[in-house]
Amino acid sequence: MKALVAFYSGTGNTAAVGRAIAKELGADVEEIETGSGKKPGFLSTGLSSFLNLKTGIAECSSDPAKYDLVVVGTPTYGGKMSAQIRSYIEANKACFPAKVAFFRVGGNVPGNGESVNRDMASLAGRQAVAAADFAEKEVKSGEYAKKAKEFAAKLK
Ligand SMILES: Cc1cc2nc3c(=O)[nH]c(=O)nc-3n(C[C@H](O)[C@H](O)[C@H](O)COP(=O)(O)O)c2cc1C
């Protein structure tokens, strides 16, 4: 099975989880970058996400249509997916394969993981094969590696 793991990461946590999942799956990685190549500041990050805005992203290197599985991951900002991932899904959903999965990385605010993953699936117009929720503290402690392995196992 050919898999792609696509994610945006402001400060590296979602990237760490995305790369761990990709390693388990033997998948290609698409790290979504901003159009300017610079990470937006705190206020712009939080507001654009909270207001469900889209934003400019750099051209992607992988065509999702060439994969059997696409896994999309986002940080949580203002209780929602990042504007970069909203833009990525909107731009690419027509090319997503039937098999998609989602994960989100949040701070330590409980309760919005499920809705972030559900919103990504809804925006993509797909039912997720599986979804996973990671907390920043699990990334910092290294616990995420085991969870990433378990999540990847559900996707194989
Ligand atoms: C502007 C802003 C808003 C945030 N809002 C939330 C939130 O609503 N819920 C949550 O669980 N975490 C929130 N966080 C925490 C991030 O989701 C967390 O730091 C995550 O690990 C960032 O991932 P990244 O390193 O891939 O950017 C927020 C962080 C920032 C910078």
Could you list, in sequence order, the residues of segment 44-85 that are of a type in the set (Ser, Thr, Tyr), within 18 Å of PHE103 (Cβ to Cβ) and out of contact with any Pro (no Cβ under 8 Å at 6 or more places or on another chain)? SER49, SER62, THR74, THR76, TYR77
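Residue-by-condition table, conditions (1) free of Cβ contacts under 8 Å to residues at least 12 places away in the same chain; (2) in a loop (DSSP other than H, G, I, E, B); (3) within 10 Å of the ligand (Cβ to nearest atom):
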residue	(1), (2), (3)
LEU47	no, no, yes
SER62	no, yes, no
ALA65	no, no, no
VAL72	no, no, no
ARG86	no, no, no
ARG104	no, no, yes
Exception for LEU53 within (1) away from the ligand (no atom under 16 Å from the Cβ); (2) in a loop (DSSP other than H, G, I, E, B) falls at (1)
Total residues in segment 26-38, condition at pLDDT below 95 and either within 11 Å of the ligand (Cβ to nearest atom) or surrounded by 19 or more Cβ atoms within 10 Å (Cβ to Cβ) (or both): 0
Residue in segment 2-21 that is nearest to the ligand (Cβ to nearest atom), counting only those that are over 12 Å from the mean Cα position of the chain (by Cα) and buried (at least 17 other Cβ atoms within 10 Å of the Cβ): ALA20
Which condition breaks for ASN108 when tested against (1) more than 12 Å from the chain's Cα centre (by Cα); (2) within 16 Å of the ligand (Cβ to nearest atom); (3) surrounded by 15 or more Cβ atoms within 10 Å (Cβ to Cβ); (4) of a type outside the set (Phe, Trp, Tyr)? (3)
Within segment 33-45, the count of residues that are under 18 Å from GLY78 (Cβ atoms), out of contact with any Gly (no Cβ under 7 Å at 6 or more places or on another chain) and assigned to a loop (DSSP other than H, G, I, E, B) comes to 2
Within segment 1-21, residues assigned to a helix (DSSP H, G or I) and either free of Cβ contacts under 8 Å to residues at least 24 places away in the same chain or among the polar types (S, T, N, Q) (or both) come out as ASN13, THR14, ALA15, ARG19
Regarding ARG86, is this residue of a type outside the set (A, V, I, L, M), touching a helix residue (DSSP H, G or I) at 6+ places or on another chain (Cβ under 9 Å) and modelled with pLDDT of 95 or more? yes
In the set LYS23, LYS54, LYS99, LYS66, the lone residue that is modelled with pLDDT under 95 and charged (D, E, K, R) is LYS54
Go through the residues of segment 123-143 one by one and say whether even a single one is closer than 16 Å to ALA22 by Cβ, surrounded by fewer than 23 Cβ atoms within 10 Å (Cβ to Cβ) and within 14 Å of the ligand (Cβ to nearest atom). yes
If we scan segment 140-156, do we find a residue that is at pLDDT 95 or above and aromatic (Phe, Trp, Tyr)? yes
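The values are calculated or read from the model by the stated rules, or taken from the named source; none is laboratory data. The model shown is predicted, which means the values in this text are computed figures rather than measured ones. Glycine gets a Cβ as well: all are built from the backbone with ideal geometry, and neighbour counts include every protein chain shown.
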